[in-house]
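All remarks here apply to the structure that follows.
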Amino acid sequence: MSKRVYLDYSATTPVDRKILKAMMPFFSEKFGNPLTIHRFGSEAADSVQGARNEVANFLNCQDKEVIFTSGATESNNFVIKGVLRDYYLKNKRIPHIITSVIEHNSILDTCRKLEKEKKIEVTYVPVTSDGIVKVEAVKKAIKKNTILVSIMQINNEIGTIQPIKEIGKIIEVENKKRLKKKKREIIFHSDATQGINYLNIDVNKLSVHLLSFSGHKIYAPKGVGVLYRKIGTSIKPLFDGGGHEGGLRAGTHNVPGIVGLGEAIKMLKNKNTKFKNKEIKRLRDYLIKRVLKEIPNSHLNGSKVERSPGNANFRFDDVEGESLILSLDMEGIAAGTGSACSSGSLEPSHVLMSLGLKHEQAHGSLRLSLGKYTTKKEIDYTINILKKELNRLRKISGDVLKSFK
């Protein structure tokens with residue numbers, strides 16, 4: 001195997017060389033702890049603050065509203081458990097949370113666990129066959145004891161863009177009514193991990209109180225992320241043991257990672273990045289058009305229009321997705337079936353099942369996600385290999401069926 005093609009950017013991205021270069025001094029030369037008061041510490045603290053300023057500028061928020069974490073999974077857990085902790089300090093009644101059926105497992109698993117412990121009740125809002133959360137469904141789900149709504153900005157598997165701005169406006173209207181009655185406001189959270197590369201993440205325009213994302217989806221390193229917390233939003237820390245991050249997130253700062261994240265955010269604001277994103281979308285459209293036209297019994301999962309520029313999620317009749325991924329890997333092509341956090345599970349994707357697909361359809365799905373290093377030559381190579389491997393696997397499937405007759 002000589003050729004290597006990476007089409008799994010939704011799972012993770014390689015660290016950009018410019019970002020890596022900016023990080024390197026903080027491993028050995030500028031290694032101080034930001035909370036110490038000597039020069040080594042001050043140097044690290046200034047760099048952490050610089051990264052914080054970059055994130056705040058990008059989100060259009062205050063620097064003290066930016067909390068550095070280990071990634072979106074921690075941030076998402078922080079949101080649900082932290083809001084719940086604060087609620088139970090002042091209330092005894094079981095609160096209500098609204099989320100969607102296609103959220104990342106860091107949201108869904110947390111909700112299910114707390115449900116089993118009878119600490120919350122949850123409404124899991126369904127999606128359309130295109131994978132879109134209906135604004136009206138969220139509105140109808142609101143109860144008197146609703147304290148939190150969490151809807152992701154872009155789905156990590158099928159790439160569907162959700163109407164976050166519209167949902168935010170509905171919650172704003174509901175909160176104005178509650179303020180008049182001096183009742184607790186609903187907190188609105190969005191996991192923007194897949195959206196930060198491509199969409200406008202102005203937290204004021206989105207009307208969110210909390211927003212989370214990871215660095216490793218935007219060419220920064222793994223193990224670093226952000227939770228935006230609007231000033232005044234009631235949330236209690238998950239970790240104890242230090243005054244880090246305004247007393248909300250104990251633990252020594254991952255200085256190299258934070259510096260890398262700051263550099264990645266800075267690059268997102270570059271005109272070249274916006275130009276590259278248009279090129280990614282053009283290649284994605286080219287890929288979808290050719291696959292659907294040239295490969296029989298192929299289908300696109302998710303919306304054709306409201307879709308992340310880098311996402312193409314297909315399903316193929318009479319083929320098992322895991323077999324297809326392994327076959328592509330043997331030809332040097334890295335792809336995915338869905339969330340990297342759930343890989344290895346024998347269960348079909350909860351996201352694909354939520355679209356109304358059958359088990360065998362969900363198992364026959366393939367996610368190809370593009371990034372800034374993807375080329376047309378790689379797409380053409382992938383399509384050719386995909387045709388060959390699908391023909392081979394379908395023949396095997398047909399021979400097996402014949403043997404049972």
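Figures for the structure shown
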item: Shape of the range 141-260, Cα gyration tensor, a/c cut at 1.5; result: oblate
item: Residue among Asn270, Asn391, Asn33 with the largest mean-square fluctuation in a Gaussian network model of the chain, springs linking Cα atoms under 10 Å; result: Asn270
item: Distant-in-sequence amide H partners of Asp8 (H built 1.01 Å from N, under 5 Å); result: Ser369
item: Coil-residue trypsin sites (Lys or Arg not before Pro) of the range 1-90, DSSP, other Cβ within 10 Å capped at 15; result: Lys3, Arg4
item: Counting DSSP beta bridges with both ends in the range 110-265, the antiparallel % (nearest 5); result: 55 percent
item: The range 188-278: trypsin sites (Lys or Arg not before Pro) in DSSP loop, at most 16 other beta carbons within 10 Å; result: Lys222, Lys269
item: Helix-only CD estimate at 222 nm, as mean residue ellipticity for the chain, using -39500 (n - 2.57) per DSSP H run (n ≥ 4); result: -14000 deg cm²/dmol
item: Charge dipole magnitude, Cβ of K and R +1, D and E -1 - the chain, Cα centre, debye nearest 20; result: 1280 debye
item: For the chain, built as a Gaussian network whose Cα springs stay under 10 Å, the top-fluctuating residue of Leu268, Leu179, Leu326; result: Leu179
item: Sorted by Cβ neighbour density within 10 Å, fewest at the top, the residues Tyr373, Tyr87, Tyr6; result: Tyr373, Tyr6, Tyr87
item: DSSP bridge pairs, the chain: antiparallel proportion in percent, nearest 5; result: 55 percent
item: 5 angstrom amide H check on Asn311, placed H, neighbours 5+ away; result: Leu370
item: In the range 1-61, the GluC sites (Glu not before Pro) that fall in loop regions by DSSP, at most 12 other Cβ within 10 Å; result: Glu29
item: Gaussian network model of the chain, springs between alpha carbon atoms under 10 Å - residue of Glu157, Glu103, Glu166 with greatest fluctuation; result: Glu166
item: Asp318-Lys276 FRET efficiency (beta carbon distance; Förster radius 35 Å; 0.05 resolution); result: 0.45
item: Correct choice for semi-axes √(5λ) of the Cα gyration tensor in Å that was computed from the model, options [x] 37, 28, 18; [y] 41, 28, 19; [z] 32, 27, 21; result: [x]
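Computed from the coordinates by the stated procedures, all read-outs in this text should not be read as laboratory data. Computed from a predicted structure; not experimentally measured. Note that each Cβ is placed from the backbone with ideal geometry, even for glycine, and that neighbours are counted across all protein chains shown.
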